[in-house]
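Accompanying notes for the structure given below.
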Amino acid sequence: MTVNTRMPESLASATGTITVDLGQIVANWRALAAKVAPARCAAVVKADAYGLGAERVIAALARAGCNAFFIATPEEAELARKMAPNADIYALDGLVGNSAAAFDRLSVKPVLSTLDDVVAWSALSHARGGLLPAALHIDTGLNRLGLPVRDVRRLASEPSMMRGVALELIMSHLASADNARDPKNRDQLLAFETLTALFPGIPRSLAASDGLMLGPAYHFDLVRPGYALYGGQASQSSPAPVKPAVTVAARILAVADVVRGETVGYSATWRAQRPSRIATIAAGYADGVPRNASAPDGRPGGHVLISGHIAPIVGRVSMDLITVDVTDLPEGAAMPGEFAKLIGEGLTIEDAGFAAGTIGYEILTRLGHRFTRLYLDDNT
């Protein structure tokens, strides 16, 4: 595989790097597609492909044969259509503002989640004088976006409301798919089967990354992995057949000795209990390191990897910097100018999220734009 950079800055001056393995993302999609076959395997690439760069990710997946993508907003639809000109593209947020005309122009299929969405899309189809494709989102217990049961039954009993709408997919979303033992999964599955029976012959989709690991009963006609494509493992009880696809590293700026009793960082929240060596690293909350990864006295926080050794963050995470206790590392392991890994082999996205009291999804999507981004070509 080869490395392509998307930024003109030299690596010699980079304070940090985000390395995205496009080949691994493609391999993850293929592994998931094989697991759910004969169901179709789409790719969720909203939020700039979970912070990793939608332009490059969509192009790589499209070359690999992925022909269905889910985005969220009208702005994301423009890029998705450009990078995957022949794919089915679904807009999860539905008809936002005046997006209907843009979706029509781009041949993007809105996911209709309200009766207002249905009426607006139907009206546009009448104005165009033809059928317009769409997906229908029904709520089965998440109680977020999605038509409630009464509206689903109304649409089924009043087909005139859908006149001009070419319904290509009916979908819902699981609330507790990361916990395979939660009975809510089965409840939602039964609700989905009951409600979709009102629309016979329409393809169905219920499972995303974790839902597809619940078994074939949840696969239906199409699955919608997102987080798993990028190596994420939200469910520890039913891990997906994927591998990590992103490495984040930041430059060590300085290593200094701190005597016992001295404090480190803003508000003096951490005090050295022994003579310590502290590495200051060029990464902070402006780069996506959560402030909740801070480690005041008596409370563990986040970690980094330096020369293969784990080292704890101490004190406050600030905008541009973190401080790390490297006292127990071998002599010479932490050197100014070298890189410390924030995410990588031995320190997963989930590890980083857990240490900050959040989830890996947030870690990925919060990655900042100051680090140099490197892409390993997938060569498909």
Item to check | Per-region count, the stretch 245-284, residues open to solvent by 40 Å² or more (accessible area, probe 1.4 Å), without any contact (Cβ under 8 Å) to a residue 60 or more places away in the chain and in a strand (DSSP E or B) | outcome: 5
Checklist outcome for this item: Every listed condition ((1) under 24 Å from the mean Cα position of the chain (by Cα); (2) among the polar types (S, T, N, Q); (3) open to solvent by less than 50 Å² (accessible area, probe 1.4 Å)) holds for THR196 save (1)
Checklist entry - Applying the selection to the stretch 144-155, what residues are in contact (Cβ under 8 Å) with a residue 24 or more places away in the chain and open to solvent by 20 Å² or more (accessible area, probe 1.4 Å)? => result ARG144, LEU145, VAL149, ASP151, ARG153, ARG154
Next on the checklist: I'd like the full set of residues that are among the polar types (S, T, N, Q) and free of Cβ contacts under 8 Å to residues at least 12 places away in the same chain, limited to the stretch 156-174.
Outcome noted: SER157, SER160
Next on the checklist: So for the stretch 280-302 (the condition being in contact with a strand residue (DSSP E or B) (Cβ under 9 Å, 6 or more places away or on another chain) and over 20 Å from ALA355 (Cα atoms)), does at least one residue qualify?
Outcome noted: no
Next on the checklist: Out of VAL259, VAL314, VAL326, I need the residue that is over 21 Å from GLY16 (Cα atoms) and at pLDDT 95 or above. Which one?
Outcome noted: VAL259
Checklist outcome for this item: For ASN292, the lone unmet condition from (1) surrounded by fewer than 17 Cβ atoms within 10 Å (Cβ to Cβ); (2) in a loop (DSSP other than H, G, I, E, B) is (2)
Next on the checklist: Here is a list: LEU347, LEU367. Which entry is in contact with a strand residue (DSSP E or B) (Cβ under 8 Å, 6 or more places away or on another chain), over 21 Å from PRO225 (Cα atoms) and open to solvent by less than 20 Å² (accessible area, probe 1.4 Å)?
Outcome noted: LEU347
Next on the checklist: Of the residues ALA84, ALA101, only one is open to solvent by 40 Å² or more (accessible area, probe 1.4 Å) and without any contact (Cβ under 8 Å) to a residue 40 or more places away in the chain; which?
Outcome noted: ALA101
Item to check | SER125 at pLDDT below 95, farther than 27 Å from ILE58 by Cα, out of contact with any strand residue (DSSP E or B) (no Cβ under 6 Å at 6 or more places or on another chain) and not in a strand (DSSP E or B) | outcome: no
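The values are calculated or read from the model by the stated rules, or taken from the named source; none is laboratory data. This is a predicted model, so every value here is computed, not measured. Cβ atoms come from the backbone with ideal geometry, glycine included; neighbour counts cover every protein chain shown. Note: areas computed on protein heavy atoms with side chains; ligands, DNA, RNA excluded. Shrake-Rupley method; radii C 1.70, N 1.55, O 1.52, S 1.80 Å.
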